[in-house]
Every structure is written in C-alpha cells, then in structure tokens.
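Chemist: Submitted below is the structure of interest, expressed as structure tokens.
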Ligand SMILES: [Ca+2]
Ligand SMILES: [Ca+2]
Ligand SMILES: [Mg+2]
Ligand SMILES: [Mg+2]
Ligand code: NI
C-alpha cells in the first residue's frame, strides 16, 4: 500500500505525501514570506519546522535555508539537500510518525489551510529563458507564419532553439493580465496598427527551475545536467500574436511576450516525478556529442487547458496535452544553454516552449487551435478565436499514481481590458 | 572659468569635477563593496562621505543609499536625489570648499587611488535588453546576412527593435572572455560545425541604466522617459557570428551573445551629459504618437575602439564613432519597452545596439569592418578578420568640454582560448 500521511488527502488532490512540492507563502497579509510544502489542503510552514529543529539530517541541521523569503538558498544546495529534505518531510508527515502528528501546538503553527494563504513567486528569478522544444508546435507555427514548405527551420533538429524572456514580468498564478497595447502588422502599405492587441493568446508550457548554477565559462555536461534542475512548474507564456508577428524579425519575440508570464506556485521536484519518467522520443539526426545523453528522459505529465469565458460560471476544456510530447529533453536544454559558457544561477527559469501534441485536441495555444483565428473554437455555446477581456485561462497538470496524483495544482490568469489609448 | 576641484585633474582625464560618474568598488580585497564617484585619479568613497554626514540635503540626509553594496537604492530614488547628490558632491570637491579639502583624516579615508581599487558591477541587473538603433548597423548587417535588396526590415523605421539579453553573464571591464564553443552554420548538406567560435566579434555599444522603474501594466510616457534613466555606460556586446547566424531563426540571438557582455565601471549621469545634448536625426516616417516626443535628444559622445593584438605591446585604433549616430533615442527605446505594460526595475540595462556611423572608419563591429571576414583589417603590421585568442579590445568614450573631458574611461576585455573540445 502507498505511503499515507496523518493529514487526510483526498484521492483527487494533487498534493499527497508522494508529492510535497515547494512554494513560498504568506500566512497573514503582514507576514514575511515563508517556504512551504503542500500536503493535501494545507501548506506546511517550513520556517516553523526548521525553528522546531525537525530538520535533523546532516546537511539541513542548523541551516537557515528555510528562514529565507524565497527558495534560492535551498535550491543552491543541490540534490543531496533536496533528498534529505524529502526523506525528513515524508517521515514527519507519515501516519506512523508522532513528532508533528501528536504535537498540537506545532500543528497549529505550521499547518495553514491553502484556502487562507497568499502564494508568492517561489524563487527570485535572475534570468528566464524560453525554449521551443515541441516539434508539433514548431511545425504548426512555421506553417502558419511562413507557409507549408519547410515549416520547421533547418536548425531545429540540431539544437534546442531558445530566446531570453523577460524576468521582471513573471507573475504568480491568479494575477490578472492587462491586455497589452502595441504595434500590429500593417495591412499592405498602410501604417502599422496601434492599439490593444487583437490576438491575445496563451501558451501551454512548463518550466524547469534551476538548482545549483555553473560558473561563467564552465559548461554543464549533459549527463550531469539533471543535478542542476530542482523541479518543474506550469507556465503560461501569454503571447500577443499581432505584436509578435510584426516585431520578431530579425531579433525574435520581445513586447509580444514581455507583458506577463504566469507560473504555478508549487514546484514539483524531479524526485517526486521520477516514478513518471519515460523515454524521450528518438532523435533523428543523432544529436551532436555535447547533446547526446546516456539516457534521454521525459516525464508522463498530463496537461490540460480550460478557458472560463467572460461572464460565464463554467470553464471549458480546450486542450489536453502531455509533457512527454517534447522532442528536446530538459537536460539537453540545460546543457545547450551552457555550452557557450553561459552561467546559470539558482532560481533561473527554463521554459519548455509550447507543449503541443500531434492530435488536434492536444495543441497548446489558440494560434494553433484556431489556426491563427480562421477556425473559431466552440466554448459553452460561445466561440473564441483569441482571448477576450474577462476570459480566464486555467492550466492544470498531474501524473497519475496508484490511488493518488502527483500534481501541479493550477496556473491561472484573467484578462483585464487594455488601458485607454 | 570652469569649476575646479582641489584635487588636481589632468586636462586629459575623463573624470573632472564636471563629470562625477558613479561606480562601486572595493578599497581592499576583503572589504564590502562601496559606492563611489570618480574624480581625477581617485575614487571618492561615498560610504565614508555618508558616514561623515556630508550629504546634508533634504533627500539624502540620513539615507542609507550609499551604505549599500550597489547603486540600485540610489537609482530608485530618482532625479531629485541625483541632482541633490550632484550639487552636494560638486560643492564638496570644489577648490573653494574646506570641508573635505582641509580634513586630512577624512581625505585619507575617502579618497582612494583608482590604480589601487577593484571595480565591481555598479548595479544588480535584473533584466538586460539590447536594442538595434543604428540605421547604418541595421543596413550593413541586413546586407551581409540577407542581401542588398531591402536590407533593413520593414518594421525597423516604425519601432526600436530589441531583444532580451542575458543578465547573468554581464561582467565588469577587465574581465577575460573565454572564446565560446557552439554550433556554426553547416556548409551545404554537411552536419553543423561544432567547436570554438571562428567568428568572434565585439559590438561597440552604450547602455542606459534605468533609475526608477514602472509598475507592471503601467507604460511610461515618452516625454517622461528621461526621468527613468540615470546614466550611461560603455558596453561591449561580444558576439559569436557563426553561432548567431545558425541559431537566430526564428527566435533571435541566444548563445551567440550570452557568453559575456562587458560594461565600463563608471556610470556617467545624464545630468553630466546634458551640455553635450544635440538633436536626434529627423525620423521618416513620423513615429506613432506613443513614440513622438516633444524634444528628440541625442548626445555628442565620441566613441573609439582599439584592438591590442595578441602578443603586441601597442593597441591600434580600429573605429571612431559617435553616440549621436543613433536613429532611435534612449527615451523612445524606454517608452517602447514599456508600451505593452512591461515593468522596468532600477538597475536594468538597456543597450543601444551597435553604434555604427555612416563612414567606413566608423563601423562598430568586425562583421561590418571586415565585411563578414572578406576584407581583413591591418593592425600594427598584422591582420584580423575576427578576434584571435589573446586579442584585447578596448572601448573608450568622451564628450569634450572647454578644457576638460566628460568621459567614460574604458571598457576592455581580452579573449582567452576556448576549453578543449
Ligand atoms: Ca513560449
Ligand atoms: Ca548588440
Ligand atoms: Mg510571457
Ligand atoms: Mg553579449
Ligand atoms: Ni533577463
């Protein structure tokens, strides 16, 4: 039988004792931020657990890593510290362990209902990179923007393409997104359009959170790259397709993306995801030696996107995809990122790119789902080509265990109208 | 007669009392970093000046902004604080003012010879953006990469094109640069090249340092954008042209740039540069209203690049350009950056893009100077197409006053050989 916690966890919960994802929360509006793990319907306050002396292992004993306002210090400590914390917390929360179970005052202090807490960004993000690792997404975008002849650029099968995104505008799930204004592609010889974006989209992504970084000038070997990744979050890379289409030649996406990027609050560790590891797709051509890994690993994570149209009560499933659709693995992405000597720092975010699958109902953005607005989607009796003001987009993701889910919770955001022009 | 300091300043110095650029230094290897201004051959330690109570103005009196290890807090305070600091420091350093001049123990503590200090990055850089604002550079690059028909992309005259760069790998002048390894463009149908970059280049740029930021969702008006810019530094955006050429379609530059970006240590304030303001070029077509500014201002700053070839004693001037060659102004860049709601933070860096002028001897990178390696440059009896191991690249910049220079010092870096493959 699976490990059980003394805290009741509903079988549909994303946060059983097998998961224990890390986040940062405020127990009260005036509190300083505190690290936590999620368990059932509760946040376990790691500040209180550390103060109570319950991290007794050789690495974490006496450490102040959980007295910080973000997880960066813990992430920098690396996998031995992460493993020790996981063993300690799984034991502490298990049904057979009295230390917390039978200590009512500590339970009162350390277990806070998720319904009552404010979640914050779990890490200070130094740099944010966005990859382009789903072949289906690359093919569909190429076809839409550049036509059906050679829709995938020649370099795509040789390297995990990426660009630098904007770190300052990364926000936590639940933050409203103001529709951006900007220049859109002009029709023929007329001057460019200026105003609120008419093609506001979501992009279904996940992002890896970097643990220990690397020194400038010292690349990370692809076979050691896994030890530089702490875990994953859901990520919505909101995109204004009209702004993007006009600005992106020749230096890539800029204002079409930088108005906001939403991440889910709970970082699910690679250690919790290990039971859901699966083989990555076979790569053809063979990658260059610096990208050729001994074991090429993906994860079986079901990903869903729901839209709650403006003014409606119910949300509507618009896509179901899976992390395992990615062609380039997380470890290849990280090794490629550093092959030129670029330094990563703890807390950096590496987005996967839009995770589209091969089926029409597994496409990861409206650009693909509505074929650039030419095939409207039906939603609860209304239709959408792109997002309208008041629409809410909700991502969720989970891996199915035996009687439980190792899940990510949700990553959501609602569109507010643009500022007046 | 021009204002004079009691500290002797050679007429060739970049740091007369009219300049007073800000930096961060360590007086001793074990000291904590301290803010400073440069005066002649000295750094004036603002930590000591603040402790001595010499910032007596209403904004800075009692502030701890100069007790910080970087300038971010001072930058966030905005132009009124910057003006007050300038007035206070110009008075304190002037020949007629006894407070520091006649206080030997404070002079001993607060004036440190520049030859003895280690300069550090002056700000914690949250995000770094690189623009593409010289028309001559855009035209030359377009011709080299895409041919002479329409070398400048259609969007270029409508918006200041930019991309997000890598913040983690920004280094201070004097830091060695390891030649990056990476994939280069394949010849015909052969697999891509992998190894040390064969086309390592510099890019002559300047960068604006952001003062007060803006909230996410709240754009900055172009006519108020000047108050969000503290000052300028020299910047070398090292570029591996072979890596860049292969990776940049469709998402822009990534590893071809992220292995290192060098900035000069002293931030020259816009207030010190104001006497050298000049009209920006007339823009045709007229910019959209959000980019149309009441007064479109450039600065007359002479920029020079020297290369000291590997193994040689002397450096050789390879280009002389001027900041006033930029088509898009700093304030247009900043307003455009925020028009979609993107938030800037104090200490963010906005690179101008390579500052090439119209003349063959004013081109800002080797890609242009050697026409992608087809026309080698002569240097002290040797030749270069791109940079070789051991080469040192030295930028300098200054505006000429009446009997003094308001200068930036230098921004230099030397190429170290790549790691073995
Ligand atoms: Ca994306
Ligand atoms: Ca550049
Ligand atoms: Mg985004
Ligand atoms: Mg660079
Ligand atoms: Ni960044």
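Read the figures in this text as sums done on the coordinates, not as results from a lab. Keep in mind it's a predicted model, so treat the numbers as computed, not measured. Note that we place each Cβ from the backbone using ideal geometry, even for glycine, and neighbour counts take in every protein chain shown.
Chemist: Mind ranking B:372-382, B:321-331, B:22-32 by how tightly packed they are, going by the mean number of other C-beta atoms within 10 angstrom, highest first?
Modeler: Working: B:372-382: 13.7, B:321-331: 23.7, B:22-32: 16.6.
Going from most to least packed, we get B:321-331, B:22-32, B:372-382.
Chemist: In whole angstrom, how far apart do the alpha carbon centroids of the stretch B:115-137 and the stretch B:171-210 sit?
Modeler: With the stretch B:115-137 and the stretch B:171-210 each reduced to a Cα centre, they are spaced 17 Å.
Chemist: Using alpha carbons only, how many angstrom separate the centre of the stretch B:229-307 from the centre of the stretch A:344-368?
Modeler: 32 Å
Chemist: Any chance you could give the angle, 0 to 90 degrees and rounded to 10, that helix B:79-93 forms with the longest Cα principal axis of chain B?
Modeler: 60 degrees
Chemist: Please say if the stretch A:22-120 is rounded, prolate or oblate, where rounded means a/c under 1.5 for a ≥ b ≥ c the square roots of the C-alpha gyration tensor eigenvalues, and otherwise the choice is prolate for a/b larger than b/c and oblate otherwise?
Modeler: Values: a/c = 1.69, a/b = 1.08, b/c = 1.56.
Oblate.
Chemist: Between copies, how far does the label point of residue A:289 sit from its twins, in nm, shortest first, when each point is 7 Å from Cα along Cα→Cβ?
Modeler: Distances between equivalent label points, in nm: 6.1.
Chemist: Further question on the same structure: If you wrap a convex hull around the alpha carbons of the stretch B:212-364, what volume per residue comes out, as a whole number of Å³? Could the numbers behind the result be given before it?
Modeler: Numbers: hull volume 24.8 nm³, N = 153.
Enclosed volume per residue, from the Cα hull, is 162 Å³.
Chemist: Shielding of B:180-193 by partners, i.e. mean partner chain Cβ atoms within 10 Å per residue?
Modeler: 3
Chemist: Quick one: pull the percentage of alpha-carbon pairs in the stretch B:128-416 with a separation above 27 Å. Kindly include the intermediate steps, with their values, before the conclusion.
Modeler: Details: 15784 of 41616 pairs.
Above the 27 Å cut-off, the stretch B:128-416 has 38 percent of its Cα pairs.
Chemist: Moving on. Got a sec? How would B:399, B:96, B:63 order by Cβ neighbour count within 10 Å, fewest to most?
Modeler: Numbers: B:399 24, B:96 9, B:63 17.
The fewest-first ordering by Cβ neighbours comes to B:96, B:63, B:399.
Chemist: Give the nm distances, rounded to one decimal, from residue B:118 to the matching residue in every other copy, measuring between label points 7 Å along Cα toward the beta carbon; shortest first.
Modeler: Computed spacing set for this position: 4.0 nm.
Chemist: Running a GNM on chain A with Cα contacts under 10 Å, which residue among A:392, A:368, A:224 ends up with the highest mean-square fluctuation?
Modeler: Fluctuation is largest for A:224.
Chemist: From the Cα gyration tensor of the stretch A:311-358, with a ≥ b ≥ c the square roots of its eigenvalues, which class applies: rounded if a/c is under 1.5, or else prolate if a/b is larger than b/c, or else oblate?
Modeler: Numbers: a/c = 4.83, a/b = 2.08, b/c = 2.32.
In terms of gyration-tensor shape, oblate.
Chemist: Among the residues of chain A, which one places its Cβ closest to the rotation axis that maps chain A onto chain B, and what is that distance in whole Å?
Modeler: Nearest residue, distance rounded to whole Å: A:252, 1.
Chemist: Still on this structure: Mind checking the angle between helix B:135-146 and chain B's longest principal axis? C-alpha axes, 0 to 90 degrees, to the nearest 10.
Modeler: Approximately 30 degrees, to the nearest 10.
Chemist: May I pose another question? Does the stretch A:106-243 come out rounded, prolate or oblate, given a ≥ b ≥ c as the square roots of the eigenvalues of its C-alpha gyration tensor, rounded meaning a/c under 1.5 and, failing that, prolate meaning a/b above b/c?
Modeler: oblate
Chemist: May I ask what percent, to the nearest 5, of DSSP beta bridges between residues of the protein assembly as shown are antiparallel?
Modeler: Values: 133 of 149 bridges.
Approximately 90 percent, going by the DSSP bridge assignments.
Chemist: While we're on this one: Placing the label point 7 Å from Cα along the Cα-to-Cβ direction, what are the distances from residue A:56 to the equivalent spots in the other copies, shortest first, in nm to one decimal?
Modeler: Result for residue A:56, in nm, nearest copy first: 6.3.
Chemist: Any idea how far the Cα center of the stretch A:379-421 sits from the one of the stretch B:379-421, in Å?
Modeler: Their Cα centres are 51 Å away from one another.
Chemist: Would you mind giving the mean number of other chain beta-carbons within 10 Å of the Cβ of each residue in B:214-220, as a whole number? Don't skip to the answer; put the middle values down first.
Modeler: On the way: counts 1, 0, 9, 11, 2, 4, 0.
The shielding value for this peptide is 4.
Chemist: Given the rule -39500 (n - 2.57) for each run of at least 4 DSSP H residues, summed and divided by the residues of the protein assembly as shown, what is its mean residue ellipticity at 222 nm, to the nearest 500 deg cm²/dmol?
Modeler: Working: 20 runs with 146 residues, N = 842.
Computed mean residue ellipticity for the protein assembly as shown: -4500 deg cm²/dmol.
Chemist: Moving on. When only C-alpha pairs under 8 Å and at least 6 residues apart count, what is the relative contact order of chain A, in percent? Numbers along the way, then the final one.
Modeler: On the way: 1016 pairs, mean separation 89.1, N = 421.
Contact order relative to length: 21 percent.
Chemist: When N is the residue count of the protein assembly as shown, what does its C-alpha Rg come to as a fraction of 2.2 N^0.38 Å?
Modeler: Working: Rg = 27.5 Å, N = 842, 2.2 N^0.38 = 28.4 Å.
Taking N as the residue count of the protein assembly as shown, the ratio is 0.97.
Chemist: Tell me, what is the percent relative contact order of the stretch B:22-120, built from C-alpha pairs under 8 Å that lie six or more residues apart?
Modeler: Working: 139 pairs, mean separation 36.7, N = 99.
The normalised contact order for the stretch B:22-120 reaches 37 percent.
Chemist: Give the average, rounded to an integer, of partner chain Cβ atoms located within 10 angstrom of each Cβ in A:130-140. Present the calculation step by step, with values, prior to reporting the outcome.
Modeler: Values: counts 2, 2, 2, 0, 0, 0, 0, 0, 1, 0, 0.
Taking all residues of A:130-140 together, the mean is 1.
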